[in-house]
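> A single structure is presented below for examination.
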Amino acid sequence: MSINSATAIAHPNIAFIKYWGNRDNSLRLPENSSISMNLEELVTRTRVTFDPALKTDIFDLNNLRQSGSELQRVSAHLNLLRGIRGVATRAHVLSENNFPSGAGIASSASAFAALTLAALHALGIEMNNAKDLSRLARRGSGSACRSIPSGFTEWYRGSSDMDSFAVSIAPPSHWDLVDCIAVIESRHKKTGSSEGHKIAPTSPFQQMRVADANRRVERCRNAVLSRDFAALAEIMEEDSNMMHAVMMTSRPSLFYWEPSTIEIMKAVPSWRKAGLEVAYTIDAGPNVPLICTSASLDGVRHRLSSVSGIQDVIIARPGGPAKIV
Ligand code: PMV
């Protein structure tokens, strides 16, 4: 193989119905289906260059050379993609995020979506089927499969590797929602989601969370499709609370919240009572993504300004699909 490169961009996504726990950790087959929204203003840009002169893969993230588990994970994913083409050529991966990595803003989703797309393109593998692209991205990081299609997406639990992928359920223009992320901590989180998924079954609540997941997915899908904010708020907060109940009762227990996280969670219902269309959903970190309508954004920002411990507020609107640039 001669030197071949390609560049792709992908947006992270915020899950309205969460993915937590796998029924197969190596294939990253989820216990339950999930629903999310891509985030337009947040971007991962990844250039992959396959070069026969390289002895090992090289991975640079935000201008920092990566080693250890970060590099291994990228290499393992490249091996999967190289295997499709039957080549062993090593690659240089150059990736940049315009948002903090590892702070519960799901950087692994956009990272593996962009890596999958760029690498396949550079390898000359034509993926005519978006489902297959989403399936492959899933193998790098589960939530990455949801960053492949556009706008609001649903990741089907599926019955096997073949039918567990994400599809778009509505384009970005469908609903004028905003993700207003209260950044409480922008450093790398201690326990990443890959570890968290593995211990999810140790919580006695995980089984109940999973058994009830189809109901939540259906309610959320209907709320999105009918632009029913009150219904979305209710199911989204319930789902986030259920996931954190599982996290807190896993062995070892995972506590991702900081005092400011809880301060916001407790305040949001009163902000809603005062007329704002806003709801929280929290991932594997202390930051609080607040989903609100465009009309409520100024009010949400104003209220956030009196909460202590907030380092930054990041605004993102519904985003497009992963693409070659
Ligand atoms: O794709 P992962 O392994 O980073 O898992 C994502 C897990 C959550 O962000 C907590 C939930 C979700 O569905 O995005």
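The values are calculated or read from the model by the stated rules, or taken from the named source; none is laboratory data. Please read all numbers here as calculations on a predicted model, not as lab measurements. Using ideal geometry, Cβ is built from the backbone for each residue, glycine included, and neighbour counts are taken over all protein chains shown. Side chains are part of the model used for accessible areas, which takes the heavy atoms of the whole protein and leaves out ligands, DNA and RNA. Shrake-Rupley method; radii C 1.70, N 1.55, O 1.52, S 1.80 Å.
> Taking segment 245-313, which chymotrypsin sites (Phe, Trp or Tyr not before Pro) meet the DSSP loop condition and have no more than 13 other C-beta atoms within 10 Å?
PHE255
> Return the ratio Rg/(2.2 N^0.38 Å) for segment 120-217, where Rg is computed over Cα atoms only.
So segment 120-217 has a normalised radius of gyration of 1.30.
> Within segment 39-123, report the trypsin sites (Lys or Arg not before Pro) that DSSP leaves as loop and that have at most 15 other Cβ atoms within 10 Å.
LYS55
> Which trypsin sites (Lys or Arg not before Pro) from segment 227-277 combine a DSSP loop assignment with at most 11 other Cβ atoms within 10 Å?
Filter output for segment 227-277: empty list.
> Would you mind checking which residues have amide H under 5 Å from TRP20's amide H? H placed 1.01 Å from N; only 5 or more apart, or other chain.
Hits under the 5 Å cutoff: GLU31, ASN32.
> Suppose every Lys and Arg Cβ carries +1 and every Asp and Glu Cβ carries -1, with no other charges. What dipole size does the chain come out with about its Cα centre, to the nearest 20 debye?
Result for the chain is approximately 600 debye, rounded to the nearest 20.
> Express in Å², to the nearest 10, the accessible area of SER159 obtained by rolling a 1.4 Å probe over the protein heavy atoms while all chains stay in place.
The value for SER159 is about 90 Å².
> List, in the order given, every pair from LYS18/LYS190; LYS55/LYS198; LYS18/LYS131 whose Cα-Cα distance in the structure shown is over 29 Å.
From the list (LYS18/LYS190; LYS55/LYS198; LYS18/LYS131), the Cα-Cα distance tops 29 Å for LYS55/LYS198.
> Report the charge-dipole magnitude of segment 96-208 in Debye, nearest 20, computed about the Cα centre from +1 at each Lys and Arg Cβ and -1 at each Asp and Glu Cβ.
360 debye
> So what are the ³J(HN,Hα) numbers for segment 120-125, from phi and the Karplus equation (6.51, -1.76, 1.60; θ = phi - 60°), rounded to whole Hz, Gly and Pro as x?
4, 5, 5, 7, x, 8
> Once Lys and Arg get +1 and Asp and Glu get -1 on their Cβ, which of SER203, ILE169, ALA88 lies farthest toward the positive end of the dipole of the chain?
ALA88
> Gaussian network model of the chain, Cα springs within a sub-10 Å range: biggest mean-square fluctuation belongs to which of SER203, SER141, SER306?
It is SER306.
> Another question about this same structure. Quick one: 3J(HN,Hα) in Hz for segment 229-239, Karplus 6.51/-1.76/1.60 with θ = phi - 60°, rounded, Gly and Pro as x.
Per residue, the Karplus-derived 3J(HN,Hα) values read 5, 4, 5, 4, 4, 5, 6, 5, 5, 4, 5 Hz.
> Next question, about the same structure. Rg and Dmax of segment 213-325, Cα atoms, in Å?
Spelled out, the Cα radius of gyration and Dmax of segment 213-325 are 15.1, 44 Å.
> A further question on this structure: Got a sec? What order do GLU263, GLU218 fall in by accessible area at 1.4 Å, biggest, i.e. largest, first?
My answer, sorted largest first, is GLU218, GLU263.
> Please compute the contact order of segment 258-301 in relative form: average sequence separation of alpha-carbon pairs under 8 Å and at least six residues apart, divided by the residue count, as a percent.
For segment 258-301, the relative contact order is 33 percent.
> Counting only protein heavy atoms and using a 1.4 Å probe, what share of the accessible area of segment 250-324 belongs to carbon plus sulfur, as a whole percent?
52 percent
> Would you work out which of THR46, GLY309, ASN214 lies farthest towards the positive end of the dipole of the chain, given +1 charges on the beta-carbon of Lys and Arg and -1 on that of Asp and Glu, about the Cα centre?
Projecting each Cα onto the dipole axis, the largest value belongs to THR46.
> Helix-only mean residue ellipticity at 222 nm, the chain, DSSP H runs n ≥ 4 weighted -39,500 (n - 2.57), per residue, nearest 500. What is it?
Rounded to the nearest 500, it is -11000 deg cm²/dmol.
> Now for a separate question. Semi-axes, largest first, in whole Å: what does sqrt of 5 times each Cα gyration tensor eigenvalue give for the chain?
Listed largest to smallest, the semi-axes of the chain are 32, 20, 19 Å.
> Once Lys and Arg get +1 and Asp and Glu get -1 on their Cβ, which of SER194, SER226, MET243 lies farthest toward the positive end of the dipole of segment 187-243?
After comparing all options, I get SER194.
> I'd like the antiparallel share, as a percent to the nearest 5, of DSSP beta bridges with both residues in the chain.
90 percent
> In sequence order, what are the phi-derived ³J(HN,Hα) couplings for segment 254-266 according to the Karplus relation 6.51 cos²θ - 1.76 cosθ + 1.60 with θ = phi - 60°, rounded to whole Hz, with x for glycine and proline?
10, 10, 8, 7, 10, x, 5, 4, 5, 4, 5, 4, 6
> Once you sort the root eigenvalues of the Cα gyration tensor of segment 72-153 as a ≥ b ≥ c, which label holds: rounded (a/c under 1.5), prolate (a/b larger than b/c) or oblate (the other case)?
Taking the square roots of the gyration eigenvalues as a ≥ b ≥ c, segment 72-153 is oblate.
> Using the heavy atoms of the protein chains and a 1.4 angstrom probe, tell me the accessible area per residue for segment 1-69 in square angstrom.
39 Å²
> With charges set only on the Cβ (+1 for Lys and Arg, -1 for Asp and Glu), what does the dipole of segment 1-145 come to about its Cα centre, in debye to the nearest 20?
360 debye
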